[in-house]
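J.: Sending over a structure as structure tokens; questions will come in a sec.
Just so you know, all these numbers are worked out from the coordinates, no wet-lab data involved. What you see is a predicted model, and the numbers here were worked out from it, not measured in a lab. A quick note on method: Cβ atoms are made from the backbone with ideal geometry, for glycine too, and the neighbour counts reach across all protein chains shown.
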Amino acid sequence: MSKKKAKKVLDMVEVKDSNNGQGLFAKKKIPKDTVVGRIKGKVVSDEKHDPRYVMELENNLLLVPKAPFRFLNHSCHPNCELFDWEDETPNPKTGVRNLYLGALRKIKPGDELTIDYSWPASVAIPCQCGSKKCRGYIVDKDELHLVSN
Ligand SMILES: [Zn+2]
């Protein structure tokens, strides 16, 4: 069952070169609200992890994502988001629920899949996402005032 699911993810997306190193691209049309896949990876509690390479989980835990989702790039106007299901039973090993990637809008074949990194201001860098709504930095909306004067 899980193998079948993993295969489906790679039917939908592929890792390719992007403007920004490598990125994750749609191989076929992905309708809005599609669950693209579960983010697999290592759950860690070490807060010394660079926030640029981890995803936040519950209980102050962090997820170090594996391929293909570790290649997700940032956009200030992303077409995907990370989410969990509130009624899902937490993973018995880690005590936290799984993290999934979902499509916020329709994604066309060849489009890059992106999420909003929402980094803390302390690690913000200039953003080149090219979106009309670009904030100028890869940073959490609420912390933008801390990096732009
Ligand atoms: Zn941007």
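J.: Which of the residues belonging to region 104-125 are part of a strand (DSSP E or B), surrounded by 15 or more Cβ atoms within 10 Å (Cβ to Cβ) and hydrophobic (A, V, I, L, M, F, W, C)?
T.: Within region 104-125, ILE107, LEU113, ILE115 meet the criteria.
J.: When ALA103 is evaluated against the numbered criteria (1) away from the ligand (no atom under 16 Å from the Cβ); (2) of a type in the set (A, V, I, L, M, F, W, C); (3) without any contact (Cβ under 8 Å) to a residue 60 or more places away in the chain, which criterion, by number, is the only one it fails?
T.: Checking ALA103 against (1) away from the ligand (no atom under 16 Å from the Cβ); (2) of a type in the set (A, V, I, L, M, F, W, C); (3) without any contact (Cβ under 8 Å) to a residue 60 or more places away in the chain, the one that fails is (3).
Residue by residue, here is whether (1) over 25 Å from LYS28 (Cα atoms); (2) out of contact with any Gly (no Cβ under 8 Å at 6 or more places or on another chain) holds:
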site	(1), (2)
PHE69	no, no
ASP84	no, yes
PRO92	yes, yes
GLU112	no, no
PRO126	yes, no
LYS133	yes, yes
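J.: Oh, and also: Go through region 109-123 and count every residue that is touching a strand residue (DSSP E or B) at 6+ places or on another chain (Cβ under 7 Å) and more than 11 Å from the ligand (Cβ to nearest atom). Working first, answer last.
T.: Residues of region 109-123 that are touching a strand residue (DSSP E or B) at 6+ places or on another chain (Cβ under 7 Å), as a first pass: 109-117, 119.
Pick out the ones that are also more than 11 Å from the ligand (Cβ to nearest atom) and you get 109-113, 115, 119.
Selection size over region 109-123: 7.
J.: Continuing with the same structure: List the number of the failed condition for ASN59; all other conditions in (1) within 16 Å of the ligand (Cβ to nearest atom); (2) at positive phi hold.
T.: Here ASN59 meets the rest and fails (1).
J.: Determine which single condition PRO78 fails, assuming it passes every other condition in (1) part of a strand (DSSP E or B); (2) within 11 Å of the chain's Cα centre (by Cα).
T.: Unmet condition: (1).
J.: Then there's this: Could you check region 126-143 and list, in sequence order, the residues that are surrounded by 13 or more Cβ atoms within 10 Å (Cβ to Cβ) and either more than 10 Å from the ligand (Cβ to nearest atom) or assigned to a strand (DSSP E or B) (or both)?
T.: TYR137, ILE138, ASP140, GLU143
J.: Would you say HIS49 is within 24 Å of ASP142 (Cα to Cα), touching an Asp or Glu at 6+ places or on another chain (Cβ under 8 Å) and not acidic (Asp, Glu)? Before the answer, list the steps.
T.: On the way: within 24 Å of ASP142 (Cα to Cα): yes; touching an Asp or Glu at 6+ places or on another chain (Cβ under 8 Å): no; not acidic (Asp, Glu): yes.
Here the answer is no, as HIS49 does not meet what is asked.
J.: Inspect region 113-134 for any residue being under 23 Å from ASP11 (Cα atoms) and over 11 Å from the mean Cα position of the chain (by Cα) and give the result as yes or no. Please lay out each step first, then the result.
T.: Pass one, region 113-134, residues under 23 Å from ASP11 (Cα atoms): 113-115.
Among the residues that remain, those that are also over 11 Å from the mean Cα position of the chain (by Cα) are: none.
There is no residue in region 113-134 that is under 23 Å from ASP11 (Cα atoms) and over 11 Å from the mean Cα position of the chain (by Cα).
J.: Please verify whether region 70-81 includes one or more residues that are buried (at least 16 other Cβ atoms within 10 Å of the Cβ) and away from the ligand (no atom under 16 Å from the Cβ).
T.: At the first step, the residues of region 70-81 found to be buried (at least 16 other Cβ atoms within 10 Å of the Cβ) are 70-76, 78-80.
With away from the ligand (no atom under 16 Å from the Cβ) added as a condition, the list becomes 70-71.
Yes, the conditions are met somewhere in region 70-81.
J.: Quickly run through region 47-96 and pick out the residues that are among the hydroxyl-bearing types (Ser, Thr, Tyr) and in contact (Cβ under 8 Å) with a residue 24 or more places away in the chain. Before you say what the answer is, go through the steps one by one.
T.: Of region 47-96, the ones among the hydroxyl-bearing types (Ser, Thr, Tyr) are 53, 75, 89, 94.
Listed by number, the residues that qualify are SER75, THR94.
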